[in-house]
Every structure is written in C-alpha cells, then in structure tokens.
Amino acid sequence: MIAGILFISLVILLFFSIPIGICLGLSSMIVMVFVDGTPPLVLLSRSVVTGADSFPLIAVPLFILAGDLMQHGGMSRRLVSFSNALIGHIRAGLAYVNVLACVFFAAISGSAPATVAAIGSNLIPEMEKVGYKRPFSGALTASAGMIGVLIPPSIPFIIYGVTAEVSIGKLFLAGIIPGVLFAIVFMSTARYLLRNDEKIAQSTTKFEPANIWVSFKEAIWSLLVPGIILGGIYSGVFTPTEAGAVAVVYATFIGLFLYKDIAFRDLFNILAESAKTSGTILILVIMATAFGRLITIAQLPADLARSLTSFSDNPIVILLLINIVLLIVGMFMETISSIIIMTPILLPVVTALGVDPIVFGVILTVNLAIGFCTPPLGVNLFVASGISGVSIENLSKAILPFFIGMLVLLLLVTYVPAISLTLPSLW
C-alpha cells in the first residue's frame, strides 16, 4: 500500500509539470502524513540532512564546477581542433572528430548534456558548412554525448557509488571500456550512414603532421586532465572527492593564466552557473533519499524480487526485464533521482542473481544514459535541438540507427561482465 500511494502520488504530481525534486519530497510527505505504519514526518527532515551529509557526494559540485571552468576556458575548442587534426582527413572525418572530441571532453566533464553543449556548439555548425545534414549532426552529437557519463569522471557513477556503497574509483575504471565501445559503435554507424553520400565522402582536412603537433601543443593542458585525475586516484595520492578539488584548481589556473580565455570578472558568472546546477542536483539527492527510504520500508525490493522470480527463474530473462524497466525509467525520469530510487530496489535483486554491484552500476548508468537520447525527456536531444535548430521529432528519427547500436551494446554490457570488470580487477 505504501509503495502504491508513493508512486501514484508521484505520477500525479509529475503530470502537473512540478519539478521532479519537489515531486519526490511531496509524495514522501503525503505517505508519511496520511498512511499508518510509516515513520514520523521528522524522518523527512532527517533525510534532508543525511542525504546531503556525504563526503564522496562533495565530488559532484566540484566536478560540475571543473567542467564549467573547462568549457568556458576554451578546452573544448582545443580538443575539437586536435581531434580534427588527428583524424579529420579520414573519409567523413568530421563525424569521427565529433565522437572523438566527445570522448576527450567526457574525460574532463563527467556530464552528458555538458558534453553535447561543448562539442555541439563547436562542431555542428562546421559540419553543416561542409555538407552534413543538420538532423544527422545533431543526432550524432546527442548520441556521442552519452559517453560523458561513462568515461570517468562520471557524475552518475559518483551518485551510484554513494547510494550503493561501492568503490567510486572502481566504477570509474569500469566505465572506460564500455565508453570506448560506444565511441566505436557511433563511428561505425556514422560511416555506414554516410557510405553513399559523395558530397561529404571527401575529407576537407588534409593530413599534416605539423598541424597535429601544433594542435597537440594547444590541447596538451586539456589532455592532461584525465591523467591527473585518474592517475591521482589510482596511485592513492587523493580520493575521487579530492580529485574534484584538484580539477577545479587546475581548470581555473589553465583558463586564467595559460589559455587566458577566462577573465577574473567571468569567475562569478561561472560560479553562479555551477551553483545552480549543483543546487538542483542536491535537491534531487536529498528528496530521492527520503523517497528511497520509504521504498525500503514498504519492502518493495523483496516484493519485486519475488515477482521476478515467480515470472522466471532464468537470470538472463530477469536481467532483460530489468533492462526494459530501466530503459522506460530513463525515458521519463531524471538520471540522478532514478539512480537513488532504483538502486535500493534493484541492487538486492541482481546481487541475488550473482551480478557484481560494479557491473550493475554500469548497466544502470548505460540504461539511463540511453534515456538522455530518447524522447520525451531526453536532455541530450533538447541540447542538440537548441544548437542545430532541428526539431525534437526530426532528431528522434535521425537518432534511431544510433539507438539500435546502443541497445546492442547494452546487452553486451549486461551479459558479458568482463567488459566492466576487466580494468577494476587490475586495480
């Protein structure tokens, strides 16, 4: 009964376009006030405090600020230039450049929408100039942007690590191979779609080693970011949270004194922009924490486990059903709140099947990352639509071939755990 009222009230509130964070808090309050057998309302206020009182969670606003500093500091532009010099000469090279630049920026931002905004604003207009159709460019950028939550540092991995109490460092490692595989699939799909387009088959960029060297020297400070962050974490020099602080200091220094794309007067606006984003995420975290505790009290994880096992005792079938549920959740709910709500529900189920919590973290994140690229609430689609000027409807049609590749890789990540566990097992 508790779970039913909780989710029905949530759906009704969402129907009235109330922000998801407020919906989670209000639905929790409704259950606590009107349903017998629930904890007192004071639990909600305690959850607000305990939900935010987490040292690893501090990494989220730090990496958000670092990503904003890097974006305003000209790092994304230099990464695009280096990617273009490196592989822009290949047939349909700008499509490859788009994906590679998203991989590079993902390694310094940890956010899918930020990756789409940074790379799309630089590349989508350039792709149109040389003959790429805007729906294709927007769909490719929206798809490749999802790599932003797989390649470390990843904000969803941090949230999952805090919620599931697993190593954030191992989660970062677990996302590298899936992220690279997604990049390969997107490049291959783009190559296939452009195979008969003679207008853009010929490269507009000449291969010149001198250009590679010049652009590499320009981008070197950006390219060092992943090495500093990951190297520091895995060598034991600092924790993932401290790595976020290091990234902020590094990005500030590079933007102010080396690239000089940021002036001191710009810092306030950058800080304000980051504070708004971080505040939104923090509200989601604390409200979803209270919501998740009520789900646990309602024994929904145990009920779900019994329902799934009564439907089938085959782990392959159960994991397939879980993926379907997560894909639907990713289409309609915001990523952070989805992780906090779904983790306590599904983690006991998958661990009972023998699935490693690290692997499930990757499965969960991939499902929700696909949600970034699907209507009706795909954030990547909205960002790419704003940059390209293409409607959400047309972008949704153009993204279908990439969506098929996403689903294939999702199944691989689900049923081949070595993809996620190979690198963490070495640490």
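Considering every residue within region 203-219, establish whether at least one is within 21 Å of the chain's Cα centre (by Cα), under 18 Å from Phe104 (Cα atoms) and at pLDDT 80 or above. No, every residue in region 203-219 fails to be within 21 Å of the chain's Cα centre (by Cα), under 18 Å from Phe104 (Cα atoms) and at pLDDT 80 or above.
Under the condition of being β-branched (Val, Ile, Thr) and within 15 Å of Trp213 (Cα to Cα), the residues counted in region 61-102 number 2.
Here are some residues: Leu294, Leu271, Leu300. Which one is over 30 Å from Leu347 (Cα atoms), in contact with a helix residue (DSSP H, G or I) (Cβ under 8 Å, 6 or more places away or on another chain) and touching a residue at least 12 places away in the same chain (Cβ under 8 Å)? Talk me through it step by step, then tell me what you get.
On the way: Leu294 fails: over 30 Å from Leu347 (Cα atoms); Leu300 fails: over 30 Å from Leu347 (Cα atoms).
Selected residue: Leu271, the only one of Leu294, Leu271, Leu300 that is over 30 Å from Leu347 (Cα atoms), in contact with a helix residue (DSSP H, G or I) (Cβ under 8 Å, 6 or more places away or on another chain) and touching a residue at least 12 places away in the same chain (Cβ under 8 Å).
Out of curiosity, is Ile158 in contact with a Gly (Cβ under 7 Å, 6 or more places away or on another chain) and buried (at least 20 other Cβ atoms within 10 Å of the Cβ)?
Values: in contact with a Gly (Cβ under 7 Å, 6 or more places away or on another chain): no; buried (at least 20 other Cβ atoms within 10 Å of the Cβ): yes.
Taking the combined requirement at face value, the residue does not satisfy it.
Scanning region 205-222 for residues that are basic (Lys, Arg) and either in a helix (DSSP H, G or I) or in contact with a strand residue (DSSP E or B) (Cβ under 7 Å, 6 or more places away or on another chain) (or both) gives a single hit, Lys217.
Any residue at all in region 91-101 that's within 23 Å of Arg195 (Cβ to Cβ), in a helix (DSSP H, G or I) and at pLDDT below 85? Walk me through how you get there before you give the answer.
Step one: of region 91-101, the residues within 23 Å of Arg195 (Cβ to Cβ) are 91-101.
Subset that is in a helix (DSSP H, G or I): 93-101.
From what's left, at pLDDT below 85: 93-94.
There is at least one residue in region 91-101 that is within 23 Å of Arg195 (Cβ to Cβ), in a helix (DSSP H, G or I) and at pLDDT below 85.
Screening region 322-402 for helices (runs of 4 or more DSSP H) wholly inside it with 1 or more residues that are modelled with pLDDT of 85 or more and farther than 27 Å from Leu57 by Cβ returns the ranges 335-352, 379-388, 392-398. Being surrounded by 17 or more Cβ atoms within 10 Å (Cβ to Cβ), more than 24 Å from Pro357 (Cβ to Cβ), among the polar types (S, T, N, Q) and at pLDDT below 85 is not true of Thr189. Of all residues in region 223-254, those that are modelled with pLDDT under 85, among the polar types (S, T, N, Q) and in a helix (DSSP H, G or I) total 1. Taking the criterion of being within 16 Å of Lys170 (Cα to Cα) and free of Cβ contacts under 8 Å to residues at least 24 places away in the same chain, the residues of region 384-425 that qualify are Ala418, Ser425. Quick one: would you say Val60 is β-branched (Val, Ile, Thr) and at pLDDT below 80? No: the conditions fail for Val60. Anything in region 268-303 that is at pLDDT below 80 and charged (D, E, K, R)? List them, or say none. The answer is Arg293, Asp303.
The values are calculated or read from the model by the stated rules, or taken from the named source; none is laboratory data. In this text, all values refer to a predicted model and were calculated from it rather than measured experimentally. With ideal geometry, Cβ positions are generated from the backbone for all residues, glycine too; neighbour counts draw on all protein chains shown.
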